[in-house]
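Colleague: The structure under discussion is supplied below as structure tokens; questions concerning it will follow.
The values are calculated or read from the model by the stated rules, or taken from the named source; none is laboratory data. Bear in mind that the values here come from a model prediction, so they are computed numbers and not experimental data. No Cβ is skipped: glycine too gets one built from the backbone with ideal geometry, and neighbour counts run over all protein chains shown. For accessibility, only protein heavy atoms count, side chains too; no ligands or nucleic acids. Shrake-Rupley method; radii C 1.70, N 1.55, O 1.52, S 1.80 Å.
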Amino acid sequence: MQFVAGHAAINSMGYSISKLEIDSGLLDGSSSNNEVEGSSQSKSSLNCLDHEIAQLTKLRSGPHENLSRVLPGKRELPVSTTKMLAGREANFSGRGRFTSGDCRHILSKYLPVNGPWVVDQMSTRAYVSQFSVDGSLFVAAFQGSHIRIYDVDRGWKVQKNILARSLRWTVTDTSLSPNQQYLVYATMSPIVNIVNVGSTTTASLANITEIHDGLDFSAADDGGYSFGIFSLKFSTDGREIVAGSSDDAIYVYDLEANKLSLRIQAHTSDVNTVCFADEGGHLIYSGSDDNFCKVWDRRCFKVKGKPAGVLMGHLEGVTFLDSRGDGRYFISNGKDQAIKLWDIRKMSSNTNCYQGHRNYEWDYRWMDYPPQARTLKHPYDQSIATYKGHSVLRTLIRCYFSPEYSTGQKYIYTGSHDSCIYIYDLVTGAQVAKLQHHKSTVRDCSWHPTYPMLVSSSWDGDIVKWEFPGNEETPAPTSKKKHRRRHFY
């Protein structure tokens with residue numbers, strides 16, 4: 001049913017979209033000079049239509065072959081919106097309507113690059129920004145204990161203003177349950193707090209106006225050691241939470257049993273990021289400051305006691321990873337200033353891991369990346385491709401696949417220390433957009449699951465939205481605030 005609305009939106013764009021397609025330099029498929037690379041084996045195949053992920057992306061976001069055919073046996077991509085509309089009226093596809101691939105082919109060309117328009121401004125750094133699964137809610141978390149939930153469909157009205165409980169340093173991560181009834185938030189503590197989002201109370205002050213129940217992620221045999229949680233995610237069914245911690249471990253919490261169900265001593269350094277691989281919940285991906293990405297299969301972990309596999313390629317720690325949702329592909333952001341695309345079928349056993357060793361001293365929390373390190377390559381890189389151009393410094397900057405519904409996951413996007421948001425083409429690696437507004441590090445950003453809208457959050461305290469084609473409001477003025485450099489996680 002969602003694509004019916006998509007058809008209506010496409011029809012209503014009319015002539016203005018066709019004209020924008022001609023006038024906008026951002027939409028012509030031109031690339032920048034940013035480096036895009038992969039292992040010697042996979043680089044050539046990535047650019048070939050026979051490569052599996054390129055083929056899958058083409059199937060998801062490509063038009064019907066009759067709409068792209070210019071001569072027998074020859075196709076031309078991309079197909080202009082005008083030609084797509086004309087082909088639909090002439091019933092080239094034989095269906096009398098657009099397919100889901102046709103809709104994505106059109107919508108994926110119109111990136112959320114206009115604006116930005118200010119959603120909110122706070123006096124402390126923004127660390128987290130996330131749309132709900134259906135895009136009706138938006139969550140933003142700040143260093144100053146505040147977590148705000150906005151009702152997107154009601155003009156971004158604040159539905160919930162949460163004051164975090166027992167904050168240590170900052171709110172490191174949040175996750176909204178699939179039914180959008182509960183929000184969990186983490187800080188530098190083994191206690192994860194859960195809030196009832198569905199209650200009628202707008203101001204949620206921990207244990208004053210509402211109870212913020214604490215979920216204890218510490219294990220009975222950990223000796224009382226206090227650790228912090230960097231990353232947490234709800235499972236698709238909402239029954240479990242997976243978390244990555246500063247004590248090098250992965251935790252799984254069973255909400256129905258209200259207890260910790262699994263602890264894995266997963267890495268040799270901080271586990272900065274974790275997520276479930278797909279809806280099944282059996283596979284877990286993790287990324288760490290030990291430079292490795294690992295795959296864990298819960299169905300056989302208790303027998304084997306080790307990961308299903310390890311993926312090597314990053315030269316520095318992994319700050320974030322995002323699953324494609326198919327249990328096969330995921331991307332990771334790294335402190336080596338690169339995003340990598342992985343196919344878990346290329347993983348190796350953990351007995352043959354090469355961590356690598358630097359011949360330079362460097363701390364990403366306060367130093368720039370060494371020039372001599374930019375040309376280094378991992379000798380056993382198992383990634384499919386590498387995307388460069390953005391900056392991963394000072395904090396655990398996040399990256400994501402673009403939405404399946406509107407783009408067919410055709411793009412990768414990321415925040416950056418240089419105050420910008422970058423959008424890359426998944427298959428070609430081209431930088432297709434660079435959004436500039438913020439005056440400090442953009443740690444997180446989120447693309448609406450169905451609309452061409454992207455929201456970014458920055459250490460300058462601004463939450464802003466980028467859209468296509470935009471609205472009648474005046475975009476936000478350029479801020480002149482200056483920020484001091486400090487040491488941060």
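Colleague: Which condition does Val158 not pass, out of (1) assigned to a strand (DSSP E or B); (2) within 23 Å of Leu435 (Cβ to Cβ); (3) of a type in the set (A, V, I, L, M); (4) out of contact with any Ser or Thr (no Cβ under 6 Å at 6 or more places or on another chain), if it passes all the others?
Modeller: Among (1) assigned to a strand (DSSP E or B); (2) within 23 Å of Leu435 (Cβ to Cβ); (3) of a type in the set (A, V, I, L, M); (4) out of contact with any Ser or Thr (no Cβ under 6 Å at 6 or more places or on another chain), Val158 violates only (2).
Colleague: Could you give every pair whose Cβ atoms fall below 8 Å, whose first residue belongs to the stretch 393-417 and is open to solvent by 10 Å² or more (accessible area, probe 1.4 Å) and assigned to a loop (DSSP other than H, G, I, E, B), and whose second residue is among the small types (Gly, Ala, Ser) and modelled with pLDDT under 95, counting only separations of at least 6 or pairs across chains?
Modeller: What qualifies is Gln409/Ser61; Lys410/Ser61; Lys410/Ser108.
Colleague: Separate question: Pull up the stretch 325-352, narrow it to residues that are free of Cβ contacts under 8 Å to residues at least 24 places away in the same chain and closer than 11 Å to Leu311 by Cα, then point me to the one that is least open to solvent (accessible area, probe 1.4 Å).
Modeller: Residue satisfying both the conditions and the ranking: Asn352.
Colleague: Continuing with this model, one more query. Would you confirm whether or not the stretch 132-155 contains a residue that is open to solvent by 40 Å² or more (accessible area, probe 1.4 Å) and under 19 Å from the mean Cα position of the chain (by Cα)?
Modeller: So far as the stretch 132-155 goes, yes, one or more of its residues are open to solvent by 40 Å² or more (accessible area, probe 1.4 Å) and under 19 Å from the mean Cα position of the chain (by Cα).
Colleague: Please list, ordered by first then second residue, the pairs with beta carbon atoms under 6 Å, 6 or more apart or interchain, first in the stretch 353-377 and closer than 16 Å to Val318 by Cα, second of a type in the set (A, V, I, L, M).
Modeller: Cys353/Val310; Tyr354/Met312; Gly356/Leu315; Tyr364/Leu393
Colleague: Within the set of pairs 6+ apart or on separate chains, which have a first residue in the stretch 282-303 that is at negative phi and in contact (Cβ under 8 Å) with a residue 24 or more places away in the chain, a second that is open to solvent by 40 Å² or more (accessible area, probe 1.4 Å) and of a type in the set (Ser, Thr, Tyr), and C-beta atoms under 7 Å apart?
Modeller: Asp290/Thr268
Colleague: Return the only residue of Leu77, Leu59 being in a helix (DSSP H, G or I), closer than 27 Å to Trp447 by Cβ and either modelled with pLDDT under 75 or open to solvent by 30 Å² or more (accessible area, probe 1.4 Å) (or both).
Modeller: That would be Leu59, the only listed residue that is in a helix (DSSP H, G or I), closer than 27 Å to Trp447 by Cβ and either modelled with pLDDT under 75 or open to solvent by 30 Å² or more (accessible area, probe 1.4 Å) (or both).
Colleague: Counting just the residues of the stretch 90-113 that are under 25 Å from Pro452 (Cα atoms) and either touching a Cys at 6+ places or on another chain (Cβ under 9 Å) or surrounded by fewer than 21 Cβ atoms within 10 Å (Cβ to Cβ) (or both), which one comes out modelled with the lowest pLDDT?
Modeller: Per the criteria, the residue is Arg97.
Colleague: Please find, within the stretch 62-74, the residue that is nearest to Arg97 (Cα to Cα) out of those that are of a type in the set (D, E, K, R) and at pLDDT 65 or above.
Modeller: So, considering only residues that are of a type in the set (D, E, K, R) and at pLDDT 65 or above, the one nearest to Arg97 (Cα to Cα) is Glu65.
Colleague: Same structure, new question: Would you pick out the residues in the stretch 256-281 that are touching a residue at least 24 places away in the same chain (Cβ under 8 Å), hydrophobic (A, V, I, L, M, F, W, C) and open to solvent by 40 Å² or more (accessible area, probe 1.4 Å)?
Modeller: The one that is touching a residue at least 24 places away in the same chain (Cβ under 8 Å), hydrophobic (A, V, I, L, M, F, W, C) and open to solvent by 40 Å² or more (accessible area, probe 1.4 Å): Leu260.
Colleague: List the number of the failed condition for Leu315; all other conditions in (1) in a loop (DSSP other than H, G, I, E, B); (2) within 27 Å of Ser218 (Cβ to Cβ); (3) of a type in the set (A, V, I, L, M) hold.
Modeller: Result: Leu315 passes all but (2).
Colleague: A follow-up question, please. Within the stretch 440-455, is there a residue that is farther than 13 Å from Pro112 by Cβ and not in a strand (DSSP E or B)?
Modeller: Looking for residues that are farther than 13 Å from Pro112 by Cβ and not in a strand (DSSP E or B), one finds at least one in the stretch 440-455, hence yes.
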